[in-house]
Amino acid sequence: MVEAARGSRANPLTPGESRKISDESAFTVSGGATTFDAWPTVQAENQFNTPPADGRSYIMFPLSVAIDWPTIQKQAADDGSTTDGGFSAQYSLTVAFVGTDGISYGSNEADYCGVIPNDWMSVNPVFDSATVTGNVCVSAPTQVIPGGTWVVSNVVNDAVFVAAQ
């Protein structure tokens, strides 16, 4: 039997491991340990945040993405665009949590945590090779969280999976 590729859903990375999204990608992804009860952190970040709905939990994932600037510039040139205004990785990547029910969480209104510290969606643009970091928070049904994975995918649906540990 052939082992599934490292970083695939069947063989996800462990927190701290890294992998390029694909051979052609400018993004090398790694993640930290998942916070399985992020409500105290979310609550402390903004007094107007609301607790997760009954039967759901807020989980938080620290994401790190290393950006290869020469590859970004080449891809931009190939597309007829420019990197003069910098590059924002969060608009080229989608991050979701895949529960043990096989459903991804993170794109629906019910999946929203509120204002979180160091939000991935607020990462500053880069103008050279750099590593950007930020937190991703998702509300998911509590029963599908243990054994789930995080998935980081690009616009052509290449993906890296990281175990939620």
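Computed values, structure above
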quantity: Some residue of the stretch 75-87 being in contact (Cβ under 8 Å) with a residue 60 or more places away in the chain, surrounded by 17 or more Cβ atoms within 10 Å (Cβ to Cβ) and within 27 Å of Asn108 (Cα to Cα); calculated: no
quantity: Residue check for Ser18: open to solvent by less than 70 Å² (accessible area, probe 1.4 Å) and free of Cβ contacts under 8 Å to residues at least 60 places away in the same chain; calculated: no
quantity: Residues within the stretch 143-165 that are open to solvent by 60 Å² or more (accessible area, probe 1.4 Å) and more than 20 Å from Glu17 (Cα to Cα), tallied; calculated: 4
quantity: Of all residues making up the stretch 51-66, the number that are in a loop (DSSP other than H, G, I, E, B) and touching a helix residue (DSSP H, G or I) at 6+ places or on another chain (Cβ under 9 Å); calculated: 4
quantity: Among residues of the stretch 21-54, those that are in contact with a strand residue (DSSP E or B) (Cβ under 9 Å, 6 or more places away or on another chain), of a type in the set (Gly, Ala, Ser) and open to solvent by 50 Å² or more (accessible area, probe 1.4 Å), counted; calculated: 2
quantity: Considering residues of the stretch 139-164 that are in a loop (DSSP other than H, G, I, E, B) and over 14 Å from the mean Cα position of the chain (by Cα) only, the residue nearest to Tyr58 (Cα to Cα); calculated: Ile145
quantity: Which numbered condition Ser8 misses (of (1) in contact with a Phe, Trp or Tyr (Cβ under 7 Å, 6 or more places away or on another chain); (2) under 19 Å from Val136 (Cα atoms); (3) surrounded by fewer than 17 Cβ atoms within 10 Å (Cβ to Cβ)); calculated: (2)
quantity: Pair list, Cβ under 7 Å, 6 or more apart: the stretch 97-120 residue without any contact (Cβ under 8 Å) to a residue 24 or more places away in the chain and exposed (fewer than 15 other Cβ atoms within 10 Å of the Cβ), other residue among the hydrophobic types (A, V, I, L, M, F, W, C) and assigned to a strand (DSSP E or B); calculated: Ser107/Ala96
quantity: Selection status of Arg6, of a type in the set (Lys, Arg) and without any contact (Cβ under 8 Å) to a residue 24 or more places away in the chain; calculated: yes
quantity: The stretch 21-60, residues that are free of Cβ contacts under 8 Å to residues at least 24 places away in the same chain and aromatic (Phe, Trp, Tyr); calculated: Trp39
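The values are calculated or read from the model by the stated rules, or taken from the named source; none is laboratory data. Only a predicted model underlies this, so the values are computations on that prediction, with no experimental measurement involved. Ideal geometry is used to build each Cβ from the backbone, glycine not excepted, and the neighbour counts take in all protein chains shown. Each accessible area value is taken on the protein alone, full model and side chains, heavy atoms only, with ligands, DNA and RNA left out. Shrake-Rupley method; radii C 1.70, N 1.55, O 1.52, S 1.80 Å.
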